[in-house]
Amino acid sequence: AQTVTQSQPEMSVQEAETVTLSCTYDTSESDYYLFWYKQPPSRQMILVIRQEAYKQQNATENRFSVNFQKAAKSFSLKISDSQLGDAAMYFCAYRVDSNYQLIWGAGTKLIIKP
Amino acid sequence: DGGITQSPKYLFRKEGQNVTLSCEQNLNHDAMYWYRQDPGQGLRLIYYSQIVNDFQKGDIAEGYSVSREKKESFPLTVTSAQKNPTAFYLCASSISRTGNYGYTFGSGTRLTVV
C-alpha cells in the first residue's frame, strides 16, 4: 500500500530559528513527485515546495528546503529563520507516475513562539 | 487574479437533503479534484476529472456525485446516501492532467449536518 507518515503531530520553534518536519513514504515506484503543502488558519492549501524523485539535488524555495533521501524514502522539510506567518499545518504528499492521485500524510502542526 | 473559487464558505444540510458545493477556476487548468478533510487526517480524494465530460471516482466516492460540463466548473453534490457528510471540502486544480506540478486549491467549504 502507498502511504505517507508524518511522525510529528505537532512541532514548536522559536521565531527566527530553524525547524525540520519529517516525512517518510512507502512506494515501490521509481518515478514519483513529492510535495509539501502548508495550510494556515484560513484553511487554504498552499504549495510550499516540490521535488522530482529522479533529481538528486534537493529543492529549495527561499527559506524552505528539503532533504530528500530516496533510498530511505524520506522527504523532510527545513524551514530557516522561522516567522510567525509560518504557523500552520504542514502536509507531505507524493504522486507516482502510474496513479494520478496524491497520497497525503496526516499533517504536522507547526507553532511559532514569538 | 486567477484562482479557484469555492462557494459557499459554510453550508448546513438537513438529514436526507442533497446539497451542491460549487467550484469554479479561471486558471485554464485541465484537471480538477475534490477532497474531503476530517480532523487529524490527511486529505481523501472523492472525485477527479482530467478533461471535460469525464471524471473518475477517488477513494471515498460513495454518497457523492460530480459533473464536468465546462472546463471551468466542477460541482460536487453530497447526496442523502452520504451518512457522515460533516467535513471540510477542498476543490483543487492542476495545470497538467497528471498533477506533476502540484495543485492549486480553493479556500474550502465547511459542510455541517443539522
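Key figures for this structure:
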read-out: For the protein assembly as shown, alpha-carbon Rg relative to the globular expectation (2.2 N^0.38 Å, N residues); value: 1.02
read-out: Value in Å of the Kirkwood radius, where chain A supplies the Cα pairs that are averaged; value: 14.2 Å
read-out: Solvent-accessible area per residue, Å², over chain A with all protein chains present [probe radius 1.4 Å]; value: 48 Å²
read-out: Positive minus negative residues near B:E24 (Lys, Arg vs Asp, Glu; Cβ under 13 Å); value: +1
read-out: Dipole in debye (nearest 20) - the protein assembly as shown, about Cα centre, beta carbon charges: Lys, Arg +1; Asp, Glu -1; value: 360 debye
read-out: About the Cα centre, charge dipole magnitude for chain A (Lys/Arg +1, Asp/Glu -1 at Cβ), debye; value: 100 debye
read-out: Net +/- balance of residues flanking A:Q101 in space, Cβ distance below 9 Å, scoring K and R +1, D and E -1; value: 0
read-out: Choice from B:G99, B:G42, B:G63 showing the highest fluctuation, given a GNM over chain B with Cα pairs closer than 10 Å; value: B:G42
read-out: Interface residues in segment A:33-71 - accessible area drops by 10 Å² or more relative to the isolated chain, probe 1.4 Å; value: A:Y33, A:F35, A:Y37, A:Q39, A:S42, A:R43, A:Q44, A:M45, A:L47, A:R50
read-out: B:R97, B:R44, reordered so the largest accessible area comes first (probe 1.4 Å); value: B:R97, B:R44
read-out: Residues of segment A:72-108 with amide N under 13 Å of the 7 Å Cα→Cβ point at A:A16; value: A:81-84
read-out: Summed buried accessible surface, chains B and A, 1.4 Å probe, nearest 100 Å²; value: 1800 Å²
read-out: Total charge dipole magnitude, chain B, about the Cα centre, Cβ charges on Lys, Arg, Asp, Glu only, Debye to nearest 20; value: 240 debye
read-out: Area accessible to solvent at B:V66, 1.4 Å probe radius, in Å²; value: 20 Å²
read-out: Average partner coverage of B:43-49, which counts Cβ from other chains inside 10 Å; value: 3
read-out: J(HN,Hα) series, segment B:74-91, from Karplus relation 6.51 cos²θ - 1.76 cosθ + 1.60, nearest Hz, glycine and proline x; value: 8, x, 10, 9, 9, 8, 5, 6, 7, 7, 9, x, 5, 5, 9, 10, 10, 9
read-out: Those trypsin sites (Lys or Arg not before Pro) in segment A:40-114 that DSSP places in a loop and that have at most 10 other beta carbons within 10 Å; value: A:K55
read-out: Accessible area of the protein assembly as shown belonging to carbon and sulfur atoms, whole % at 1.4 Å probe; value: 46 percent
read-out: Charge dipole (the protein assembly as shown, unit charges on Cβ, about Cα centre) - positive-most of A:I79, B:G40, A:V48; value: B:G40
read-out: Inter-chain shielding of B:102-112 (mean C-beta neighbours from other protein chains, 10 Å cut-off); value: 4
read-out: Accessible surface, 1.4 Å probe, highest first, among residues A:E17, B:E15, A:E29; value: B:E15, A:E17, A:E29
read-out: Cβ-based charge dipole, the protein assembly as shown, positive-most Cα from A:T60, B:T77, B:G16; value: B:G16
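The values are calculated or read from the model by the stated rules, or taken from the named source; none is laboratory data. Being a predicted model, the structure only gives us computed values, none of them experimental. Note: ideal-geometry Cβ built from the backbone for every residue, glycine included; neighbour counts use all protein chains shown. Quick note on the areas: whole protein, heavy atoms, side chains included, nothing else; ligands and nucleic acids left out. Shrake-Rupley method; radii C 1.70, N 1.55, O 1.52, S 1.80 Å.
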